[in-house]
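Working notes, beginning with the structure itself.
The values are calculated or read from the model by the stated rules, or taken from the named source; none is laboratory data. For clarity, every value in this text was computed on a predicted model and none was experimentally measured. Every residue, glycine among them, receives a Cβ derived from its backbone with ideal geometry; neighbour counts consider all protein chains shown.
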Amino acid sequence: MARYTGPRTKKSRSFGESIFKAVDKSFERRKYPPGQHGNTRRRKQGSDYGVQLKEKQKVKYTYGLLERQFRNLFVKANRKSGVTGEILLQLLEARLDNTVYRLGIATSRRAARQLVSHRHITVNGVLTNIPSYELRPGDVIGVRAKSQGLTVIQDSVSMKSDVRNFGWLEFNPTLMAGTFLAFPERNQIPENINEQLIVELYSK
C-alpha cells in the first residue's frame, strides 16, 4: 500500500506549517524553509502556478494521499454539483483514516492509517481495513473489541484534546465508537487550506 515515507518535519518546513501532527517540536525549532543556507537565504516570490502547486502538495501531504489518489478524488468532486473545492475537502474529511484521527482514536493521520490497515477499526460493526474508505452520514466507526485494550489507543482516547470537538462527529469514549453525522461545512474544517488554488491548478 503506497504512502509517503519521507522526512515529515522537513516537508512541514517547506510549507511553513506543521501539517502532519498538532505538536511538532522539531518544526517549532526551525520554522523556516529547508535549504543549505538556512534562514538567511532570500527567497524569490513564487509564480501563480508555483503557489497553486504548493497548495495542492500541502493538502496531499496533510491527508496522506499520493498524486493519483488525489487527482481521482478531485475528478470525483468536480463531477458532483456544488462548489468543487468544498466538496473535495468534504471527501477528504470523509476518509476513514482521517475520521479515526478526528475522533481522537489516533494521535495523527499516519497513526490512524496504521490502525485501519492493521484491522483494529470497524464501520457499522464490520471490520474495515481500507484507509480510503468513504464514510456516509450515519456510519458508526468503532474500535474492534479485541483492540480496545491496546495502550496506543487507550492513551490517545484518554488525552484531553480538541481533536474530536467537531460538529459533524460524535464520539463515545466509553464505547470507543463515534458517528459520522454529516459531511462538514467548509467553515467547520480547521485546516489552513485555500482550496480555490487547487481548483485553479486543475482547471488549466
* Looking at region 137-188, which of its residues are small (Gly, Ala, Ser) and either under 19 Å from residue 89 (Cα atoms) or touching a residue at least 40 places away in the same chain (Cβ under 8 Å) (or both)? -> 138, 156, 161, 167, 178, 182
* Asked: Does residue 89 satisfy the condition of being in contact with a strand residue (DSSP E or B) (Cβ under 7 Å, 6 or more places away or on another chain), part of a helix (DSSP H, G or I) and not β-branched (Val, Ile, Thr)?
  -> no
* Elements of type strands (runs of 3 or more DSSP E) contained in region 94-204, each with 2 or more residues being among the small types (Gly, Ala, Ser), surrounded by 15 or more Cβ atoms within 10 Å (Cβ to Cβ) and not assigned by TED's automatic domain parsing to the domain that holds residue 71 -> 177-180
